[in-house]
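Worksheet: one structure, shown below.
The values are calculated or read from the model by the stated rules, or taken from the named source; none is laboratory data. Bear in mind that the values here come from a model prediction, so they are computed numbers and not experimental data. Cβ sites come from the backbone with ideal geometry, for glycine too, and all protein chains shown count toward neighbours.
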Amino acid sequence: MRHFTFINEEMHAEKVSLKEIARAVGTPCYVYSSATFERHFSVFKDSVKDIDALIAYSVKANSNIGILATLSKLGAGADVVSGGELQRALTAGIPANKIVFSGVGKTKDEIEAAAKAKIKIFNVESIPELYAINDIAAQMNYLAPIAFRVNPDVSAGGHEKISTGKKEDKFGIAWSKAEQAYAVAETCSNIEVVGIDVHIGSQIDHLEPFEKAILKVGSLIKKLRSSGHNIRSFDIGGGLGIPYGDKSIIPPNPANYGAMVKRLTQELNVEMIFEPGRMISGNAGILLSTVLYVKKGEDRNFLIIDAAMNDLLRPALYDAYHEIEPVRKNPENSQIKKYDIVGPICESSDTFTKSRELPIIEQGELIVMHTTGAYGASQSSQYNTRPLVPEVLVKGNKYEVVRKRPTINDILKSENIPTWLI
Ligand code: LLP
């Protein structure tokens, strides 16, 4: 169920008018719906209800602490990939014993912070990283719980830039070296082997790749156990695709995903860990923007809007499709026009869509880009010295700014002219 719907021909986020938010906060800004977060979390939870499971929300998808606190209240854990994300998760009230730490390049400081917090599991991606964790744990007189992220060499479709489970990808322990890695871990005095981990990619639009990876890892778990390793948890990462409104992609239903996982893992007697990101936050957010100018090119119509690729990178980086709609519906305007929708940044890649059919849109109108709650704000930057885009969280008829727009002075404050020039 969508929580960005029209009331009296005007789009609202739950009960709050987007026009009102635009007036109060300014555009561009992200607007999130609490009800959608709640619904998606409960849909995921229901889909794995017969499984001993931890849902560790993948913080990178949307890392705002207001969102993390919303999910924490619902019982979510967190999958973090940096010391910064760890601090965000803890600040938002996610208990350390529900936090797993993923990523190929954890630094000494990050490992120390995670060990100090006593997180649930370090997902380890190389032997040198294992040794680094062991050394730090020894200095801290700590036994670090680890799982190896293994690379199952499974192709997960989707965009090549977000596929992670093939042997040529930088992720995980090579399949042929996995057993050896567990043997090495048993020789480390401050490491406790607790599980195994895999993550094959993102926006995966069918179940087969998951199935292949789970079957491969399942048989590896049996082998590892027969060699005496205590594998108690199986983390299958995130990656479940979601609908973006381009009818060509119909992602798997979460209930079918859950049933498939249950069928393939019920004999294994493991705690399953899930790291969904996009599935929880993608459709919970929109990017709200104002049309600055309507420009007629030689043979194209450009809508120049105040959001740009620094605010939402996905179309520029992955040719991603986002459904676009005007905030105000005009029932008298049934004429359709084709528009190229672009931002103000001086790069041709600052293009959100080309030749999109939309009702006639005028200068000053508000438009929304749907399904931007995941990898929208969390991938935003200040390129072109455009202040970070603000984030607004709606709950029913209330809303609050959960990340405010910095001023240009805020940006300049963190820089300085070197003393030799003054
Ligand atoms: N776990 C790990 C270890 C991951 O690397 C990721 C995402 C996830 C979980 C969550 O995956 P999800 O459920 O969201 O598919 N920026 C790209 C997506 C990059 C995904 C990176 N890893 C995009 O905008 O499509």
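The table for this structure:
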{"quantity": "Qualifying residue in the stretch 359-366 (condition: more than 17 Å from G285 (Cβ to Cβ) and within 16 Å of the ligand (Cβ to nearest atom))", "calculated": "no"}
{"quantity": "Any chance D410 is part of a loop (DSSP other than H, G, I, E, B), charged (D, E, K, R) and farther than 23 Å from K247 by Cβ", "calculated": "no"}
{"quantity": "Filter pass, G172 being within 19 Å of Y131 (Cα to Cα) and within 13 Å of the ligand (Cβ to nearest atom)", "calculated": "yes"}
{"quantity": "Only one of E271, E275 that is within 16 Å of the ligand (Cβ to nearest atom) and of a type in the set (D, E, K, R)", "calculated": "E275"}
{"quantity": "Criterion violated by A76 - all others in (1) under 19 Å from E38 (Cβ atoms); (2) away from the ligand (no atom under 16 Å from the Cβ) satisfied", "calculated": "(2)"}
{"quantity": "Sole exception among (1) on the phi > 0 side of the Ramachandran plot; (2) modelled with pLDDT under 95 for D50, by number", "calculated": "(1)"}
{"quantity": "Residue in the stretch 13-40 that is farthest from L388 (Cα to Cα), counting only those that are more than 24 Å from the chain's Cα centre (by Cα) and of a type in the set (D, E, K, R)", "calculated": "K15"}
{"quantity": "Matching option when the condition is over 23 Å from the mean Cα position of the chain (by Cα), buried (at least 21 other Cβ atoms within 10 Å of the Cβ) and assigned by TED's automatic domain parsing to the domain that holds Q363, among I286, I305", "calculated": "I305"}
{"quantity": "Odd one out for A284, checked against (1) within 17 Å of Y321 (Cβ to Cβ); (2) touching a residue at least 60 places away in the same chain (Cβ under 8 Å); (3) away from the ligand (no atom under 12 Å from the Cβ)", "calculated": "(1)"}
{"quantity": "Number of positions in the stretch 216-261 that are more than 16 Å from the ligand (Cβ to nearest atom), of a type in the set (S, T, Y) and in contact (Cβ under 8 Å) with a residue 24 or more places away in the chain", "calculated": "1"}
{"quantity": "Qualifying residue in the stretch 269-282 (condition: surrounded by fewer than 16 Cβ atoms within 10 Å (Cβ to Cβ) and out of contact with any strand residue (DSSP E or B) (no Cβ under 6 Å at 6 or more places or on another chain))", "calculated": "yes"}
{"quantity": "Residue satisfying condition, being in contact (Cβ under 8 Å) with a residue 12 or more places away in the chain, part of a strand (DSSP E or B) and β-branched (V, I, T), within set V31, V43", "calculated": "V31"}
{"quantity": "Helices (runs of 4 or more DSSP H) enclosed by the stretch 162-277 - at least 1 residues per element that are assigned by TED's automatic domain parsing to the domain that holds V80 and under 23 Å from A76 (Cβ atoms)", "calculated": "208-226, 254-265"}
{"quantity": "Residue that is touching a helix residue (DSSP H, G or I) at 6+ places or on another chain (Cβ under 7 Å), assigned to a loop (DSSP other than H, G, I, E, B) and in contact (Cβ under 8 Å) with a residue 12 or more places away in the chain, where the choices are I119, I146, I133", "calculated": "I119"}
{"quantity": "Criterion: part of a strand (DSSP E or B) and more than 28 Å from the chain's Cα centre (by Cα) - qualifying residue of E357, E362, E415", "calculated": "E357"}
{"quantity": "Filter result (buried (at least 24 other Cβ atoms within 10 Å of the Cβ) and either within 13 Å of the ligand (Cβ to nearest atom) or over 15 Å from the mean Cα position of the chain (by Cα) (or both)) within the stretch 79-105", "calculated": "D79, V80, I94, I99, V100, F101, S102"}
{"quantity": "K15 being crowded, with 17+ Cβ neighbours inside 10 Å and among the charged types (D, E, K, R)", "calculated": "no"}
{"quantity": "Filter result (under 10 Å from Y30 (Cβ atoms) and within 16 Å of the ligand (Cβ to nearest atom)) within the stretch 379-405", "calculated": "S380, V389"}
{"quantity": "Filtered residues of the stretch 177-203 (kept if touching a helix residue (DSSP H, G or I) at 6+ places or on another chain (Cβ under 7 Å) and either within 15 Å of the ligand (Cβ to nearest atom) or within 16 Å of F274 (Cα to Cα) (or both))", "calculated": "I196, V198, I200, G201, S202, Q203"}
